[in-house]
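These notes concern the structure reproduced below.
Rule-based calculations on the coordinates, nothing more; no lab input. Values in this document were obtained by computation on a predicted structure and should not be read as measured data. Note: ideal-geometry Cβ built from the backbone for every residue, glycine included; neighbour counts use all protein chains shown.
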Amino acid sequence: MSKGSFSAAALLLVSAAVAPAADVSTKKILIKDNADTTKRQVLVLSKDAGVAFADADTPSVGGASVHIYSATDAYCAILPPGANWKSPGGNKWKYKDAASKNIAQIKDGRILVKIKEDTLDYSLADNAPPGQGAVNVQVQFGTGTRYCMRCGGTVVKDDAAKFLAKDCAATACDAEPGSCDPPNPTTTTSTSTSSTTTSTCPPGAPVTPTELQGALPPTAGRFNYNLVLGLPGADAACNTNFPGTHACTYPELQAAEVACDLPSLTDTNGMTVTSFWVIDPSPSPSLTQCVDDNIGGSNLNWEYPTAHTASRGTRVDLNNTTGILGPIQPPQQCNTSTRWVGCCL
């Protein structure tokens, strides 16, 4: 196996936005090297109270990455988003790929990763002796916390066939030799990720807006305007404040951008608007639309109150000076962020 190699998938990635980081203790790091590629393996286990399910941030949408590296070698494993991710009970994420045999799990107090794909290219034979010395593993689920695990002082075995370290205290990882980020797509299934206009709007909002008539105050992903949940409450609040309007969908926000309705936009409380929740015009529930997928929940969009299931919401930022929308951002927790809702005709 060659030194310092990265998977082909990793080389195609654009670096993700800076994520929160946490150093956690490590129960075990095991690396097996073998000329038979089907017998190579990396296993990482952490049982640390600092690990939180809520900080994983929807790997079914954003994927995950596992970066294993030492002073001499590195390997980046990408666990893509999709159907291989499950969240049984809404309190853990589990990944299992039948083809590669890769496995990943995260829940409160526990991370488990097992990489067995045939492309696993991490050399022990080339560096024993003196061996690896210390091995770092950084794991990130979606856009969530990037967990660092490092083992160097409690190595049980470090030779040409196996590296094994157990019960390593939480400590900072060594600097990464290259990028290894989750895919973190910024697309949804039915909306575009960026504005279609390149026009420059004149300073200030137009005297007579044509598409967007105003904005409601910022809200969490569980809309609750005038004590009415979800889109019905937002639609009613828009109509009350701006007769004939409803909560803007993302395509309507794009139309308002083209019409120059967005520069210097303020909400009904006079606050400067700098972002919007991305409302999909399709009626189907979506994990990027803060759907209430709790057991016994409404299963309706924009009614999800916590962070215990896979449900998240996407946003789009607004340059309030130019009136230009940015790209749709990766899904985020519905209960900790507040964004604005526009009111469109």
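If the cut-off is a Cα-Cα distance under 14 Å, which aspartates and glutamates reach K39, setting aside same-chain residues fewer than 8 apart in sequence?
E117, D118, D121
List the lysines whose Cα lies under 16 Å from the Cα of K166, skipping any in the same chain that are fewer than 8 positions away.
Cross-link targets: K27, K28, K32, K47, K114, K157.
Would you compute, for the Cα atoms of segment 8-168, the largest minus smallest coordinate along each principal axis and list the three values in descending order, in whole Å?
Its Cα atoms span 44, 31, 28 Å along the three principal axes.
Here are some values of volume of the Cα convex hull per residue in Å³: (1) 145; (2) 160; (3) 137. Which one was computed from this structure?
Comparing each candidate, only (3) matches the computed number.
Order of I78, I295, I324 from fewest to most other C-beta atoms within 10 Å?
Numbers: I78 21, I295 7, I324 18.
Fewest-to-most ranking of I78, I295, I324: I295, I324, I78.
Explain nothing, just the number: dipole magnitude of segment 63-142 about its Cα centre with +1 on each Lys and Arg Cβ and -1 on each Asp and Glu Cβ, in debye rounded to the nearest 20. Present the calculation step by step, with values, prior to reporting the outcome.
Values: 9 positive and 7 negative charges, 121 e Å.
Its charge dipole is roughly 580 debye.
Residue by residue through segment 294-299, which ³J(HN,Hα) values in whole Hz follow from phi under the Karplus form 6.51 cos²θ - 1.76 cosθ + 1.60 (θ = phi - 60°), with glycine and proline marked x?
Karplus values, whole Hz, x for Gly and Pro: 4, 4, x, x, 6, 6.
Whole angstrom only: what separates the Cα centroid of segment 120-183 from the Cα centroid of segment 39-60?
Each part reduced to its Cα centre gives a spacing of 14 Å.
Hey, in the GNM for the chain with a 10 angstrom Cα cutoff, which one of T268, T249, T58 fluctuates hardest?
T268
Quick one: if you take sqrt(5λ) for each eigenvalue of the C-alpha gyration tensor of segment 212-344, what semi-axes come out, biggest first, whole angstrom? Can you show the working numbers first?
Numbers: eigenvalues 109, 49, 31 Å².
So the equivalent ellipsoid measures 23, 16, 12 Å along its semi-axes.
Any idea what the dipole of segment 8-168 comes to, in debye rounded to 20, about its Cα centre with Lys/Arg Cβ at +1 and Asp/Glu Cβ at -1? Please list the in-between numbers first.
Numbers: 20 positive and 16 negative charges, 130 e Å.
Dipole size: approximately 620 debye.
How far, in degrees from 0 to 90, does helix 230-241 lean away from the longest principal axis of the Cα atoms of the chain, to the nearest 10?
30 degrees
Suppose every K and R has +1 on its Cβ and every D and E has -1 on its Cβ; what is the size of the dipole of segment 212-344 about the Cα centre, in Debye to the nearest 20? Mind showing how you got there, number by number?
Working: 4 positive and 10 negative charges, 45 e Å.
Magnitude of the dipole: close to 220 debye.
Could you work out how far the C-alpha centroid of segment 245-272 sits from that of segment 275-337, in angstrom?
Comparing the Cα centres of segment 245-272 and segment 275-337, I get a distance of 17 Å.
Among M149, A237, S311, flag the residue with its Cα farthest along the positive direction of the charge dipole of the chain, charges on Cβ as +1 for Lys/Arg and -1 for Asp/Glu.
M149
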